Amino acid sequence: MDDNEKNEMMLKRVFDDNKSMLSHPKDFLNVAMEFQQLLMFYESAVKIVKTHFEILEDEFASKHERKPIATITSRIKEPMSIAEKLQRKGLPVTIDNMVNNLYDIAGIRVTCPFISDVYHVLLMLENQSDVSIYEVKDYIRNPKKSGYRSLHVIVKVAVDFSDQQRKIPVEIQIRTIAMDFWASLDHQIHYKKDFPMPDDVDDELRSIADTIAETDERMQKIAKNLPDFVDYSSVADQIEMLDEYSKILERKNKSGEQV
C-alpha cells in the first residue's frame, strides 16, 4: 500500500469518526476553528520552552567556556500525523482525544555535546517556575531494542493568554550530537518501506548504535579534563527511582490500594 492509499484510508476513518459533525456545517466550522486555536496554544508553549533554553544557553556561555546545548529545534505535529497516532492508539479522531491522549503534538529536540550535558539540561528545565515535569523516559540508560538512545521528557507549560492560563504538554527529546546522528539516519533508512533492505539491517543498526554509545562514553571521559566540567550523569539514578515509584503508584491505583 503506497502513501496515497494510506492517506485515503486515514481520511475515510476521520470522516467516519466525525459523521454527525460533518452533517452540520456550523458544527464543522466551530470544530475547525477550535482545532486552529489549539494548534496556536501548542505553538505558544513551544515558544516559551525554546526561549527558556536559549536564555539558559546564553547564561551558561557568559559564565563558562563552553555551552551544554548544541542545537534547539522544534515542530508541531501535522494534522495527518495526529490522526494517524490516534488511530494507532485505537481512538476515534476527535479534538477531545487529541487533547487528552496525545502529549507530543508540540515537540522540541535539544542536542548536547556530552551525555552529562543531557542530564544537566534536564535539571535546568526542572528549575523553571512555569514548567512542570510530567514524565521522563531515559532511553540512554535503557536503550530501545532498536538501539535508539535519548532522554524523553514531557513537560506541562503554563501559558498565559488574554482571558485564561492553560497548561500545555510539550515533548522534549534531549540527546547527544552522536545519538542524534544515529537517530536521523535510522529514520531515513526506515522512513520508506516499499523497497527491499538486507535481512540483517536492524542488527547492523543496533551494532552501530552501540559503537556510537561507546564513543559518547569515551568522549565524556576526555571532557572531564575541561575547565568547569561537572558530571551530571548521576541524575539518571534519580530518574530510575522516580520511574519505579510511578509504576508502583500506577499498580496500586489500578488495584484500589491506598498509597
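Assorted remarks:
- Residue tally, condition more than 17 Å from the chain's Cα centre (by Cα) and small (Gly, Ala, Ser), over the stretch 111-137: 2
- Residues satisfying the stated conditions in the stretch 193-207, i.e. within 24 Å of the chain's Cα centre (by Cα) and open to solvent by 70 Å² or more (accessible area, probe 1.4 Å): 193, 202, 206
- Residue match in the stretch 236-248 (condition: open to solvent by 70 Å² or more (accessible area, probe 1.4 Å) and either at pLDDT 85 or above or touching a His at 6+ places or on another chain (Cβ under 8 Å) (or both)): no
- Some residue of the stretch 163-180 being among the hydroxyl-bearing types (Ser, Thr, Tyr) and modelled with pLDDT of 95 or more: yes
- Among helices (runs of 4 or more DSSP H) entirely within the stretch 76-158, having at least 2 residues that are open to solvent by 60 Å² or more (accessible area, probe 1.4 Å) singles out 79-88, 95-101.
- Subset of the stretch 81-139 (residues that are out of contact with any helix residue (DSSP H, G or I) (no Cβ under 7 Å at 6 or more places or on another chain), without any contact (Cβ under 8 Å) to a residue 12 or more places away in the chain and not basic (Lys, Arg)): 81, 90, 96, 100, 126, 127, 129
- Residue check, residue 171 open to solvent by 20 Å² or more (accessible area, probe 1.4 Å) and without any contact (Cβ under 8 Å) to a residue 60 or more places away in the chain: no
- The set of residues from the stretch 170-201 being under 28 Å from residue 74 (Cα atoms) and of a type in the set (Asp, Glu) comprises 171, 180, 186.
- Within the stretch 46-70, residues that are of a type outside the set (D, E, K, R) have Cβ atoms under 8 Å from residues that are assigned to a helix (DSSP H, G or I) and open to solvent by 40 Å² or more (accessible area, probe 1.4 Å) in these pairs: 70/177, counting only partners at least 6 apart in sequence or on another chain.
- For the stretch 31-50, the criterion of being modelled with pLDDT of 90 or more, assigned to a loop (DSSP other than H, G, I, E, B) and open to solvent by less than 90 Å² (accessible area, probe 1.4 Å) is met by no residue.
- Residues satisfying the stated conditions in the stretch 181-191, i.e. open to solvent by 70 Å² or more (accessible area, probe 1.4 Å) and at pLDDT below 90: 187, 188, 191
- Residue match in the stretch 128-148 (condition: of a type in the set (A, V, I, L, M, F, W, C), over 30 Å from residue 210 (Cα atoms) and modelled with pLDDT under 95): yes
The values are calculated or read from the model by the stated rules, or taken from the named source; none is laboratory data. All values derive from a computational prediction rather than experimental measurement. Cβ coordinates were reconstructed from backbone atoms using ideal geometry, including for glycine residues, and neighbour counts include every protein chain displayed. Accessible surface is based on the protein model in full, side chains and every heavy atom, while ligands, DNA and RNA are left aside. Shrake-Rupley method; radii C 1.70, N 1.55, O 1.52, S 1.80 Å.
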